[in-house]
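None of the figures in this text is laboratory data; all of them are computed from the coordinates on show. Note that the coordinates shown come from a computational prediction; the quantities given were computed from them, not determined experimentally. Virtual Cβ from ideal backbone geometry, glycine too; neighbours counted across all protein chains shown.
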Amino acid sequence: MDRRKSLKVMVLGSVSTGVLLDACKTEDKKTVAGKPAVVKNTGEKHPGLMKEEVADLKEVNSYTYFTLHEMTTIGILADIIIPKDGVSGSATDAKVPDFIEFIVKDKPENKVPMRGGLQWLDMQCLNRYQNSFAECTTKQQMEMVDAIAWPKKAKPDMKQGVNFFNLMRNLTATGFYTSEIGIKDMGYVGNTPNQWNGVPDDVLKQYGLAYTPKELKECVSF
Amino acid sequence: MGNFQIKVQPKKYDAVIVGSGAGGGMAAYVLANAGLKVCLLEAGPNFNPAVDSKQLQNPWDSPRRGASTKYRPFGDFDGCYWGWEIDGEPYTNAKGSNWEWWRARMLGGRTNHWGRISLRFGPKDFKHKSIDGLGDDWPIGYEDVKPYYDKIDKLLGVFGTNEGLVDDPDGIFLPPPKPRLHELMIKKAATGIGVPVIPSRLSILTKKINDTRGQCFFCAQCGRSCKIFADFSSSSALVMPAIATGNVDLVVNAMVREVLTNKDGLATGVSYVNKEDMQEYQVMGRTVILGASACESARLLLNSKSQRHPNGLANSSDVVGHYLHDSTGADMGGIIPELFDRKRYNEDGVGGMHVYTPWWLDNKKLDFPRGYHIEYGGGFGMPLYGFQWGIENLNGTYKVKGKKKEAGGYGASLKEDYRYFFGSHVGMAGRGETVARYDNFCEIDPEVVDVYGIPVLRFNTKYSDYEIKQAKHMKETFSEILHSMGAVTTWGGDDGPEDNYGLHAPGNIIHEGGTIRMGNDPKKSPLNKWAQAHDCKNLFNVDGGQFVSQGDKNITWTILALSMRTSEYIVDQLKKNQI
């Protein structure tokens, strides 16, 4: 890229011109597919956020919603749902409880179902085992979880617990699979500059598909 | 505020442009390059994709993992500021109306995140009344706009293929990307039941077209706005080059209140409030060009009352605000069992679909008058907030690695299920033409103002049987395609007459148009065929407001072509001292 031209374009932006200069440097090196001008952090704390978003974030982070006891219970449940296995770590390894604390404040419609669900769970355990869920033995905890983890075979009077566990499962999975550990586990390999050259040959073969001569002629190839 | 006063800018411009999206950005680009002095007003803050875009951030870089907020309804990584609601800027609906209004507030407007679907209107799209007696014909035809489509294809870049389809005209295309796996499956299945599937047409640069914009590197994140300008955004592709000419003064956070006129009824400039200091400013120009969005431009005209224009500027016809329409939308999705346990590879591709279905049937043989196209989605998307939500509805229904399992659950077995279903989803969405009608309109709400004291819009819109029957047909088609590709419908399959077959509320598809339509008869249309006000010859509209109808095509490419056409006309008229 012609540096003078790009600078001229950038001046109006009233923001750092360093970015495009970096872009030019990368392009000069002729790296794969015209590498992007990745801006890690320009020193600004929240690059690209509106001031309203920054204020909102500050508000959400200004207080703690769950008590220590609730957080302990969330951690135990999260690791029952996503334990460490041969492929990847556990939900707590991926800091899922912290994500849940944030997201219920960010999406407040989850506050009551989560707090109420945790309270419901403790009351059930108190009645059954004379302890809160967190203080039960592992065997008791799993017995309780088995009563609410299987929507189709759960007893009708466990419905509220099933709904809570569904929410807990969904929040845990979403928190885990959007973490660095979870993305690697899932095998999502995108989000990186590349040259799309179509479906790999062995995959085409596996599904009995092929590109037509028209597609091969017209489409961009690398 | 003891010292309330209006500050008048001493500089007089050739043009004052309101709005920096597709229409306003193009007008600024053409005028500035012709050497004219332009003041470009934008109601939101500055935005430079190279710095401000969240492209290539990882899911965990967002504390909410990409979940939506009211600031970014399409998710935390999306490139558009605001959307369905804006703090301090309400709008209202009359009883029985449910218009949903998307408003961007930023340099480049909503072009920072749109789908880049860039479809030319065909010859029939300009003359539909002559075909079926409904709505109105445009005062211009495809032959008038074609030269501009050709120019913007080259200037801005669009990929696609020439298929020789009469109503989906050929263009000057960059090569499209190869279809993804699920797209090959869709193509095979749909083609088998007579539904054509062709390469999509998106303004994304699969080849380099100039020195200021890069080449696509296939991250699928156009919606975040591209840092190397490899997709079309008004900010990066038009406004920045326009400012580089030295002929444009950009004013951001400027919320325009009204268009000012003189005793002869001509526009002299605009009055705006600076959102930062809440002070009132005026800027003067030889012409005023509105590109604030169809509804915002109509609101501005209706709020610009004067002795010469008692019911709003350019509104002697009483048509401003009327004929408001959006594309129709309905959708459906499912899973493809054949794709369970897929081999992993990077199939991000470009931002959006690589193939689509243009309208393929003859409405004369159907019970609804206008067509629709189909957009497709699916594959290995980046896991974000909501990822694999509702596994309990899936893992008990299908065998996982040959084993029948109980729905729900936990533990290592559940982790296996999540991996097993990844990348097997497919979805499709119809986008169709609404018949533009006088009785669908927006007007000034007599009772409500926004935080700047500007009277707000009240909407009155309702879909008719034409649109509802079209949605029904969409659903039937989707169901057939899904069935013939061996997919199982998991959402959108339960809609019926009770909910208009899943037809989205008007406005929801974000293709607003038609509020200030063009026409040869000043009694029936506010603008002439150059998008110049019949009542005020130095006032122009360059957004979706001027549209008489919008075919079953997304409207941005036509907004750009018409804005270029109008802008060249303005340059010519100004140079000849005709306005």
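Using the Karplus curve 6.51 cos²θ - 1.76 cosθ + 1.60 with θ = phi - 60°, what ³J(HN,Hα) values do you get for each residue of segment B:269-282, in whole Hz, with x for Gly and Pro?
Result, ordered by residue: x, 9, 10, 9, 9, 7, 5, 6, 10, 6, 8, 9, 10, 10 Hz.
DSSP beta bridges in chain B, what fraction antiparallel, as a percent rounded to 5?
Values: 49 of 73 bridges.
Taking every DSSP beta bridge with both residues in chain B, the antiparallel ones total about 65 percent.
Quick check: convex hull over the Cα atoms of chain B, volume per residue in Å³, rounded to an integer?
Numbers: hull volume 90.8 nm³, N = 579.
Once divided by residue count, the hull of chain B is 157 Å³.
What Kirkwood radius, in Å to one decimal, follows from the Cα pairs of segment B:379-481?
Numbers: mean 1/r = 0.0532 Å⁻¹.
Across segment B:379-481, the inverse of the average 1/r is 18.8 Å.
Using the alpha carbons of segment B:212-253, what is the convex hull volume per residue in cubic angstrom, as a whole number?
Details: hull volume 2.9 nm³, N = 42.
It is 69 Å³ per residue.
Would you pull out the residues with amide H under 5 Å of B:Leu165's amide H, same chain only if 5 or more places away, H placed 1.01 Å from N?
Placed amide hydrogens put B:Asp170 under 5 Å from B:Leu165.
Report, in deg cm²/dmol and to the nearest 500, the calculated mean residue ellipticity at 222 nm for the protein assembly as shown, where each DSSP H run with n ≥ 4 adds -39500 (n - 2.57) and the sum is divided by the residue count. Could you put the intermediate results ahead of the total?
Values: 21 runs with 236 residues, N = 801.
It comes out at -9000 deg cm²/dmol, rounded to the nearest 500.
Average projected area of the Cα convex hull of segment B:182-326, in nm²?
Details: hull surface 56.0 nm².
Seen from a random direction, the Cα hull of segment B:182-326 projects 14.0 nm² on average.
Can you tell me what the convex hull of the Cα atoms of segment B:501-561 projects to on average, as an area in nm²? Don't skip to the end; give the middle numbers.
Working: hull surface 19.8 nm².
Projected area, direction-averaged: 4.9 nm².
In the neighborhood of B:Lys524, defined by Cβ-to-Cβ distances under 15 Å, what is the net charge if each Lys or Arg adds +1 and each Asp or Glu adds -1? Don't jump to the answer; show the numbers that get you there.
Details: positive: B:Lys129, B:Arg437, B:Arg517, B:Lys523, B:Lys529; negative: B:Asp136, B:Asp137, B:Asp318, B:Asp439, B:Asp521, B:Asp535.
Charge balance in the 15 Å sphere: -1.
Share of antiparallel DSSP beta bridges in the protein assembly as shown, in percent to the nearest 5?
On the way: 49 of 73 bridges.
Of those bridges, close to 65 percent are antiparallel.
Mind jotting down a quarter of the surface of the convex hull over the alpha carbons of segment B:432-509, in square nanometres, one decimal?
Values: hull surface 30.1 nm².
Directional mean of the projected Cα hull area for segment B:432-509 stands at 7.5 nm².
Per the Kirkwood definition applied to all pairs of different Cα atoms, how many angstroms is the hydrodynamic radius of segment B:253-321? Please list the in-between numbers first.
Details: mean 1/r = 0.0810 Å⁻¹.
About 12.4 Å for segment B:253-321.
Considering only the other residues whose Cβ falls under 10 Å of the Cβ of A:Glu215, what net charge follows from Lys and Arg at +1 and Asp and Glu at -1?
Values: positive: A:Lys214, A:Lys217, B:Lys178, B:Lys187; negative: A:Glu218.
So the environment of A:Glu215 carries a net charge of +3.
Which value, to two decimals, describes the C-alpha radius of gyration of segment B:325-425 once divided by 2.2 N^0.38 Å?
Details: Rg = 18.1 Å, N = 101, 2.2 N^0.38 = 12.7 Å.
Relative to the 2.2 N^0.38 Å estimate, segment B:325-425 comes out at 1.42.
Rounded to whole Å and sorted largest first, what semi-axes of the equivalent ellipsoid does the C-alpha gyration tensor of segment B:225-290 yield via the square root of 5 times each eigenvalue?
Values: eigenvalues 159, 49, 20 Å².
That gives 28, 16, 10 Å for the three semi-axes.
Which value, in Å to one decimal place, does the Kirkwood hydrodynamic radius take for segment B:1-145 when every pair of different Cα atoms is included? Could the numbers behind the result be given before it?
Values: mean 1/r = 0.0520 Å⁻¹.
After inverting the mean inverse Cα-Cα distance, the result is 19.2 Å.
Taking a 28 Å limit on the Cα-Cα distance, which of the listed pairs B:Lys187/B:Lys469; B:Lys154/B:Lys227; B:Lys12/B:Lys70; B:Lys305/B:Lys524; B:Lys154/B:Lys475; A:Lys105/A:Lys139 fall beyond it? Walk me through the numbers on the way to the answer.
Working: B:Lys187/B:Lys469 25 Å; B:Lys154/B:Lys227 21 Å; B:Lys12/B:Lys70 38 Å; B:Lys305/B:Lys524 20 Å; B:Lys154/B:Lys475 36 Å; A:Lys105/A:Lys139 32 Å.
Long pairs (Cα-Cα over 28 Å): B:Lys12/B:Lys70; B:Lys154/B:Lys475; A:Lys105/A:Lys139.
In segment B:345-382, which residues have a backbone nitrogen under 19 Å from the label point lying 7 Å from B:Lys401's Cα in the Cα-to-Cβ direction?
Inside the label zone: B:345.
Computed on alpha carbon atoms, what radius of gyration and Dmax characterise the protein assembly as shown, expressed in Å?
That works out to 27.4, 91 Å for Rg and Dmax.
State the dimensionless ratio Rg/Rh of segment B:416-471 (Rg: radius of gyration of Cα atoms; Rh: Kirkwood radius).
Working: Rg = 20.9 Å, Rh = 15.9 Å.
Using only Cα positions, Rg/Rh for segment B:416-471 is 1.32.
Evaluated at 10 °C with a viscosity of 1.306 mPa s, what Stokes-Einstein diffusion coefficient in µm²/s does segment B:412-562 have when Rh comes from the Kirkwood expression over alpha-carbon pairs?
Working: Rh = 19.0 Å.
Answer from the Stokes-Einstein relation: 84 µm²/s.
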